[in-house]
Amino acid sequence: QVYLVESGGGSVRPGGSLRLSCAASKTAFRIRDMGWYRQTPASQREMVASITRDGTTEYADAVKGRFTISRDNSKNTIYLQMNNLKPEDTAVYFCKAETSLQNNWGQGTQVTVSS
C-alpha cells in the first residue's frame, strides 16, 4: 500500500496558475508510473497527465501546452504545473501511483477556476 498526499489545489480566476504536488509514502514496492486524473460530478475520472520513472510524459489533449507534469524520484513526489487555467479545468484532481501490486490513489484536491 502506498499513501499519497496531494496539495496545492484552490480557487483561481481564468488565466491563472496553480501547482499541485503529490507525495508518496515510503514503500517496499517500486513506484512505476505516476499521474494526475480529474473528475467532476458530471463526468468520469479522466487522465490529465502521466509520467514514467524515467520522465516520459503524456498529456490529455485538453491540457497540452498549458500543464506540465514533473517528478522527483528521490522524494517520490510528482508535480502538476497548471497555467492559463480555464473554467472547464474545474474538477477534483487525484494523484495515482502504480506499483507491481496495485494502483494507489490520493484523496483528491479541488481546483476551481471561476471569475
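The values are calculated or read from the model by the stated rules, or taken from the named source; none is laboratory data. Computed from a predicted structure; not experimentally measured. Here the Cβ is made from the backbone with ideal geometry for all residues, glycine too, and neighbour counts use every protein chain on show. Quick note on the areas: whole protein, heavy atoms, side chains included, nothing else; ligands and nucleic acids left out. Shrake-Rupley method; radii C 1.70, N 1.55, O 1.52, S 1.80 Å.
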If you roll a 1.4 angstrom probe over the protein chains with everything in place, what fraction of the accessible area of the chain belongs to carbon and sulfur, to the nearest %?
46 percent
Mind checking which of 100, 21, 11 has the largest fluctuation in a GNM of the chain, springs on alpha carbons under 10 Å?
100
Calc'd 3J(HN,Hα), segment 63-77, phi into Karplus 6.51 cos²θ - 1.76 cosθ + 1.60 (θ = phi - 60°), Hz, glycine/Pro = x, comes to 10, 4, x, 10, 10, 9, 9, 9, 8, 10, 5, 5, 10, 6, 10
Among the lysines, which fall within straight-line cross-link reach of residue 64, defined as a Cα-Cα distance under 17 Å, with same-chain neighbours fewer than 8 residues apart omitted?
86
Could you work out the relative contact order of segment 60-101, using alpha carbon pairs under 8 angstrom and six or more residues apart, expressed as a whole percent?
28 percent
Compute the distance from the alpha-carbon center of segment 74-115 to that of segment 56-70, in whole Å.
12 Å
For the chain, what is the relative contact order in percent, using Cα pairs closer than 8 Å and at least 6 residues apart in sequence?
38 percent
Heavy-atom accessible area per residue of the chain, all protein chains kept, 1.4 Å probe, expressed in Å², is 54 Å²
Hey, which lysines would be in cross-link range of residue 26, C-alpha to C-alpha under 21 Å, not counting anything within fewer than 8 residues on its own chain?
75, 96
Over segment 1-40, what is the mean sequence separation of C-alpha contacts under 8 Å (at least six apart), divided by residue count, expressed as relative contact order in percent?
41 percent
About the Cα centre, charge dipole magnitude for the chain (Lys/Arg +1, Asp/Glu -1 at Cβ), debye:
220 debye
Farthest toward the dipole's positive end in segment 17-115, which of 85, 41, 70, given Cβ charges of +1 (Lys, Arg) and -1 (Asp, Glu) about the Cα centre?
70
